[in-house]
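First the structure, in the form of structure tokens, and then the observations on it.
Laboratory data are not the source of any read-out in this text; all were calculated from the coordinates shown. These numbers come from a predicted model, not from an experiment. Here the Cβ positions follow ideal geometry from the backbone for every residue, glycine too, while neighbour counts run over all protein chains shown.
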Amino acid sequence: MDVEGESHNLSEEASGHSDDEDNSNSEYRTGEEYASAPKITLSSLTEAKREESTIPVLKQRSYTGARKVIPSALVDTLCADLGVDGVLEKLNTTLGTSYALDSVISILDSYIARNDDFGTAYAYLRPYWSDISTIEHELRTLEEKDREMRRNAIVDGRITNRDVPPRRVWDLYANRVVPYWVARKYLWGISHAWVDDEDRVDVMTPINRYEWPVPIPKDANLDLIRIEMLNARSRYTLHTAEYAWLDVLCLR
């Protein structure tokens with residue numbers, strides 16, 4: 001731990017990834033778009049069930065901000081348990097909107113039908129929530145463009161374009177791994193320190209929907225790393241961390 005209370009087992013770098021896709025505001029909303037959203041506080045106790053005083057990395061103890069970050073208790077709640085009215089109420093409250101049910105019911109029903117949790121729905125909908133009339137079309141279009149971009153980058157089974165972005169990113173606000181095309185383009189890169197097998201543990205986590213084990217040091221905790229990243233500030237830009245690429249979490 002250094003004087004600012006940052007962990008040494010993470011190497012963080014804020015980087016603006018660019019490719020040939022359109023970077024217009026119609027695809028990637030600004031971070032200040034939902035100015036009326038309430039403040040939120042996450043703590044090591046609520047997120048990782050560990051007292052703040054026991055956390056040696058100061059920036060992993062708690063996070064308070066006006067951004068649209070949601071706690072794990074809400075992230076992990078199934079949309080089906082909330083019901084369509086409950087999902088809409090949570091979205092309206094968190095994002096400072098007042099949409100009526102009839103305007104979004106067709107959008108929300110699909111997340112309930114797939115038995116998605118609220119964090120997944122939030123991760124997909126938040127970047128485009130300011131214009132609900134285009135959400136479904138925008139998500140389909142972005143997915144198609146991403147698929148085409150990756151197909152064109154492969155020649156004879158090899159990736160020939162060094163600027164191809166990662167397939168998956170960690171949405172820190174929603175605490176879910178999502179496809180790159182869902183996210184904003186500005187990513188923070190994190191490389192976790194690799195350790196010997198005896199010092200490492202494979203963790204199954206809802207962050208990636210339990211789809212593959214995540215190898216991390218035994219003394220690390222992904223929920224605490226999330227808090228640390230939410231507290232991060234770049235030395236080079238005004239951006240704060242909303243999306244990150246953590247190798248061991250997003251690699252597959």
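Enumerate the amide H contacts of Arg168 below 5 Å, restricted to partners 5 or more residues apart or on another chain; note that Pro and chain-start residues carry no placed amide H.
Tyr180
Can you figure out the FRET efficiency of Ala100 with Ala73, using R₀ = 25 Å and their beta-carbon distance, to the nearest 0.05?
0.40
Please list, by residue number, everything in segment 113-129 whose backbone N is under 16 Å from a paramagnetic label point 7 Å out along Cα→Cβ of Glu136.
The answer is 113-114, 125, 129.
Output ³J(HN,Hα) for segment 87-95: one whole-Hz value per residue in order, computed from phi by the Karplus curve 6.51 cos²θ - 1.76 cosθ + 1.60 with θ = phi - 60°, and x for Gly and Pro.
Using θ = phi - 60°, the values come out as 4, 5, 4, 5, 5, 4, 5, 5, 9 Hz.
Just the projected area, averaged over all directions, of the convex hull on the alpha carbon atoms of segment 101-225: how many nm²?
9.9
Given segment 40-249, what percent of its DSSP beta bridges are antiparallel, to the nearest 5? List each step's numbers first, then the result.
Values: 18 of 21 bridges.
Antiparallel bridges make up about 85 percent of those DSSP assigns within segment 40-249.
Let's test this: bin the Cα-Cα distances of segment 40-249 at 10 Å from zero up to the farthest pair and state each bin's percent.
Calculated over all Cα pairs of segment 40-249, the distribution is 8, 30, 36, 21, 6, 0 percent.
On average over all directions, what projected area in square nanometres does segment 45-117 have, based on the convex hull of its Cα atoms?
Answer in nm², one decimal: 5.8.
Amide H of Asp117: which non-local residues (sequence gap of 5 or more, or other chain) have their own amide H closer than 5 Å, using H built in the peptide plane?
Those lying under 5 Å, H to H, from Asp117 are Cys79.
Counting other C-beta atoms within 10 Å, and keeping those with at most 14, which DSSP coil trypsin sites (Lys or Arg not before Pro) do you find in segment 81-148?
Arg114
List Cys79, Cys250 from most exposed to least, where exposure is judged by having the fewest other Cβ atoms within 10 Å.
Cys250, Cys79
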